[in-house]
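*Asks:* Structure in structure tokens, see below.
The values are calculated or read from the model by the stated rules, or taken from the named source; none is laboratory data. Quick caveat, the model's predicted, so the values are computed rather than measured. With ideal geometry, Cβ positions are generated from the backbone for all residues, glycine too; neighbour counts draw on all protein chains shown.
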Amino acid sequence: MLNEHAAHGSAAAGQARGGGAITRDEVAHLARLSRLALREDELDHLATQLDDIISAVARVQEVAAEDIPPTSHALPLTNVFRADEVRPSLTPDQALSGAPAADEQRFKVPRILDEEA
Amino acid sequence: MSADIIKKSAAELAGLISSGEASAVEVTQAHLDRIAAVEDSVKAFTHVDPETALAQARTVDERRAAGEALGPLAGVPIAHKDVFTTIDMPTTASSKILEGWRPPYDATVTRRLREAGLVILGKTNMDEFAMGSSTENSAFGPTHNPWDLNKIPGGSSGGSSAAVAAYEAPLATGTDTGGSIRQPAAVTGLVGMKPTYGGSSRYGLIAFASSLDTPGPLARTVLDAALLHEAFSGHDPMDSTSIDQPVPPVVEAARRAEVGGLRVGVVKEFGGEGYQPGVLARFHEAVEVLESLGAKVVEVSCPHFTYALPAYYLIAPSECSSNLARFDGMRYGLRVGDDETRSAEEVMALTRAEGFGPEVKRRIMLGTYALSSGYYDAYYGKAQQVRTLIARDFDAAFEQVDVLISPTTPTTAFAIGERADDPMAMYLADLCTIPSNLAGNAAISVPCGLADEDSLPVGLQIMAPVLADDRVYRVGAAVERALQDRWGGPLLAKAPEL
């Protein structure tokens with residue numbers, strides 16, 4: 001059954017992406033977007049696995065769904081509001097209790113701008 | 001006494017405690033002793049806290065002695081999945097990125113367990129961030145199936161299933177995003193329930209895929225699962241997707257346990273090639289049992305269910321890639337490489353590479369891919385349309401029948417290591433459970449015997465419409481009673497001694 005999925009998937013994925021599997025360069029780009037500093041061997045391994053998975057899940061493209069609305073959520077809920085009341089919240093000490101670094105009741109983080117900026 | 005206590009159901013223990021035949025402290029101590037005896041081989045827990053547990057039990061005994069009216073499960077011990085925040089115990093989601101983290105607040109489910117007087121023994125192991133079907137993806141090592149220590153206990157709630165199957169606790173919490181309660185229950189011979197989405201609160205549940213994540217109970221009997229379901233479910237203003245309606249009458253339904261005249265649909269698409277013969281044999285027996293109890297069984301086609309697995313493995317990773325962005329090494333958890341020269345972005349990337357395991361990385365990357373411009377319409381967009389079609393299949397099926405049934409999993413428990421580096425093979429474990437996550441409806445797994453090939457447990461899945469949770473308990477309890485009559489007792493009595 002799995003092989004059948006994969007076979008269908010490869011064809012469909014090929015059509016959708018103009019042919020070929022996901023490249024190692026694309027995988028390296030995804031790692032950057034995902035903020036994951038992966039090692040070279042991790043990238044090699046993931047490139048093969050992601051290619052298999054994407055080929056298999058591309059099977060969703062077989063379904064004729066031109067006029068089918070998308071579902072993002074199982075419940076028909078929109079804009080659930082609560083009363084705008086002041087309630088107790090975490091104290092600064094509680095909020096900072098798990099911080100890797102804190103200073104003067106603030107989260108201490110590495111620089112976010114380049115030195116020149 | 002201790003050996004007797006641990007084999008009792010939660011309902012029986014609650015009866016002993018409320019009648020004064022046993023104290024909550026005695027019951028808790030018996031389970032702590034069991035944990036001490038078998039935990040080295042089962043490894044169900046990431047954290048056990050005997051002192052806090054005994055203190056909770058003592059409080060229950062004192063309140064009872066003072067004449068307070070307590071809930072129906074007061075004093076009964078429970079194993080709590082390590083994905084729910086607990087103010088007095090570490091909460092890790094079995095990830096290195098959260099190792100040792102102490103949350104500053106309790107999840108709503110945790111708070112309700114405490115209010116019900118349940119005694120939290122500790123936190124249970126799981127696949128990291130609930131991503132997996134075997135509990136092998138835990139950063140703290142795998143959990144072992146009490147039926148065969150070389151097999152997986154299912155996942156992601158595999159620590160919970162192993163703890164209850166090994167009599168370390170009579171009850172456990174789980175969460176089900178694609179089958180993470182039902183599949184572990186099936187492969188360890190337990191009852192596991194995924195409530196209707198929104199029926200149980202996600203507040204304080206570490207998010208994996210927010211449109212799918214659903215807390216639910218694991219137990220050794222259908223009634224116990226219903227009692228726990230009732231104890232922690234219901235509307236929560238802290239969760240905007242929580243349903244503002246009463247909890248369906250699940251306990252009453254579990255006690256009613258009859259199916260005369262009920263219309264039962266066998267899902268045509270779930271069975272045949274790829275399914276273990278022993279699983280199908282037990283499933284067909286369960287169908288006969290339902291017929292003998294007076295149910296009208298018919299075959300029902302749900303043509304889009306075969307697309308549920310690929311749709312899920314686009315939707316869940318997409319939501320995960322967004323949800324797990326919060327683990328950035330800035331406000332809590334691990335931080336790696338902060339040497340005063342690296343930028344925040346570099347530190348984030350180093351922290352996440354070090355803190356996340358391989359499956360979590362795979363899913364974050366897959367989700368990032370599916371959501372990227374150029375691929376969004378072909379992948380995430382298509383998967384969302386499939387989700388609509390699956391919900392429509394359910395709607396059409398529930399016009400013909402009251403419940404749908406299928407095997408819970410295509411196979412029994414597989415060997416630890418067997419699928420560890422083959423993600424697609426691992427994902428197939430969720431083949432039959434995923435549709436109910438995508439559509440949000442209620443679904444339960446109840447034990448239906450042992451497969452002939454390997455003498456390992458098989459689960460029967462029963463699915464009902466949204467908010468008809470009571471219906472799956474009613475059918476599950478009827479099947480449980482009929483099968484236990486055949487077996488001469490609970491299925492777990494056939495498990496080898498640990």
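*Asks:* Kindly list, by first and then second residue, each pair from a residue in segment B:361-372 that is more than 7 Å from chain A (Cβ to nearest Cβ) to a residue that is not in a helix (DSSP H, G or I), limited to pairs with Cβ atoms under 7 Å and residues at least 6 apart or on different chains.
*Replies:* From residues that are more than 7 Å from chain A (Cβ to nearest Cβ), the pairs are B:363/B:131.
*Asks:* Separate question: In segment B:358-403, how many residues are assigned to a loop (DSSP other than H, G, I, E, B), hydrophobic (A, V, I, L, M, F, W, C) and modelled with pLDDT under 95?
*Replies:* Total satisfying the criteria: 0.
*Asks:* Could you grab the pairs with beta carbons closer than 7 Å, sequence gap of 6+ or different chains, first residue in segment A:97-109 and within 10 Å of chain B (Cβ to nearest Cβ), second one assigned to a strand (DSSP E or B)?
*Replies:* Final answer for the pair search is A:99/A:107; A:108/A:102.
*Asks:* Please go through (1) at the interface with another protein chain (Cβ under 7 Å from one of its Cβ atoms); (2) touching a residue at least 24 places away in the same chain (Cβ under 8 Å) for residue B:410 and return the number of the only condition it doesn't satisfy.
*Replies:* Single failed check for residue B:410: (1).
*Asks:* On to the next question. Out of (1) in contact with a Lys or Arg (Cβ under 8 Å, 6 or more places away or on another chain); (2) away from every other protein chain (no Cβ under 14 Å), what's the single condition that is false for residue B:470?
*Replies:* All conditions are met except number (1).
*Asks:* Scan segment B:325-335 residue by residue and report those that are more than 8 Å from every other protein chain (Cβ to nearest Cβ) and either in a loop (DSSP other than H, G, I, E, B) or surrounded by 24 or more Cβ atoms within 10 Å (Cβ to Cβ) (or both).
*Replies:* B:327
*Asks:* Ok, one more. Only one of B:49, B:33 is free of Cβ contacts under 8 Å to residues at least 40 places away in the same chain and of a type outside the set (A, V, I, L, M); which?
*Replies:* Going through B:49, B:33 in turn, the sole match is B:33.
*Asks:* Which pairs turn up if I take residues in segment B:266-284 that are closer than 20 Å to residue B:298 by Cβ and look for partners that are of a type in the set (Phe, Trp, Tyr) with beta carbon separation below 8 Å, at least 6 apart in sequence or on another chain?
*Replies:* B:267/B:305; B:269/B:305; B:270/B:305; B:271/B:283
*Asks:* Starting from residues that are part of a loop (DSSP other than H, G, I, E, B) and among the basic types (Lys, Arg), keep the ones in segment A:30-80 and report whichever is nearest to the chain's Cα centre (by Cα).
*Replies:* Residues of segment A:30-80 part of a loop (DSSP other than H, G, I, E, B): A:34-39, A:63-80.
Those left that are additionally among the basic types (Lys, Arg): A:35, A:39.
Details: A:35: 10, A:39: 19 Å.
Checking each candidate, the answer is A:35.
*Asks:* May I pose another question? Of the residues that sit in segment B:11-30 and are among the polar types (S, T, N, Q) and part of a helix (DSSP H, G or I), which one is farthest from residue B:223 (Cα to Cα)?
*Replies:* Restricting attention to segment B:11-30, the residues satisfying the condition of being among the polar types (S, T, N, Q) are B:18-19, B:23, B:28-29.
In the following step, the residues that additionally are part of a helix (DSSP H, G or I) were identified as B:18-19, B:28-29.
Details: B:18: 17, B:19: 19, B:28: 21, B:29: 24 Å.
Per the stated criteria, the residue is B:29.
*Asks:* Only one of these is surrounded by 10 or more Cβ atoms within 10 Å (Cβ to Cβ) and either within 24 Å of the chain's Cα centre (by Cα) or not polar (S, T, N, Q) (or both): A:83, A:102. Name it.
*Replies:* The match here is A:102.
*Asks:* I've got another one for you. Of the residues that make up segment B:336-344, is at least one facing chain A (nearest Cβ under 10 Å) and part of a helix (DSSP H, G or I)?
*Replies:* Checking segment B:336-344: at least one residue is facing chain A (nearest Cβ under 10 Å) and part of a helix (DSSP H, G or I).
*Asks:* Go through segment B:346-357 and report how many residues are out of contact with any helix residue (DSSP H, G or I) (no Cβ under 6 Å at 6 or more places or on another chain) and either more than 8 Å from every other protein chain (Cβ to nearest Cβ) or farther than 22 Å from residue B:317 by Cα (or both).
*Replies:* Matching residues across segment B:346-357 total 4.
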